[in-house]
1. Provide a single number: the residues in the stretch 7-25 that are loosely packed, with under 12 Cβ neighbours inside 10 Å and closer than 16 Å to residue 60 by Cβ.
2. Over 20 Å from residue 3 (Cα atoms), in contact with a helix residue (DSSP H, G or I) (Cβ under 8 Å, 6 or more places away or on another chain) and modelled with pLDDT of 90 or more - does that describe any residue in the stretch 50-62?
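The values are calculated or read from the model by the stated rules, or taken from the named source; none is laboratory data. Only a predicted model underlies this, so the values are computations on that prediction, with no experimental measurement involved. Using ideal geometry, Cβ is built from the backbone for each residue, glycine included, and neighbour counts are taken over all protein chains shown.
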């Protein structure tokens, strides 16, 4: 349970930092560099990569929360038999 809290805090902090950087600098960078086609495509590709990595972090947190909430049930262990 301690690991899931740690991952949740990391995901929230990473999201807040990404949003704050995009909010404070994104508009100025877009206005400066979006006029050049290859720069615009590079900025869009960078934004897509950041979004994908952030989505992956949140998916990892969600899976960890699900594992903590519903732990795997341990069943009986099959023993090997000597019958061949």
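1. Here the count works out to 2.
2. Checking the stretch 50-62: at least one residue is over 20 Å from residue 3 (Cα atoms), in contact with a helix residue (DSSP H, G or I) (Cβ under 8 Å, 6 or more places away or on another chain) and modelled with pLDDT of 90 or more.
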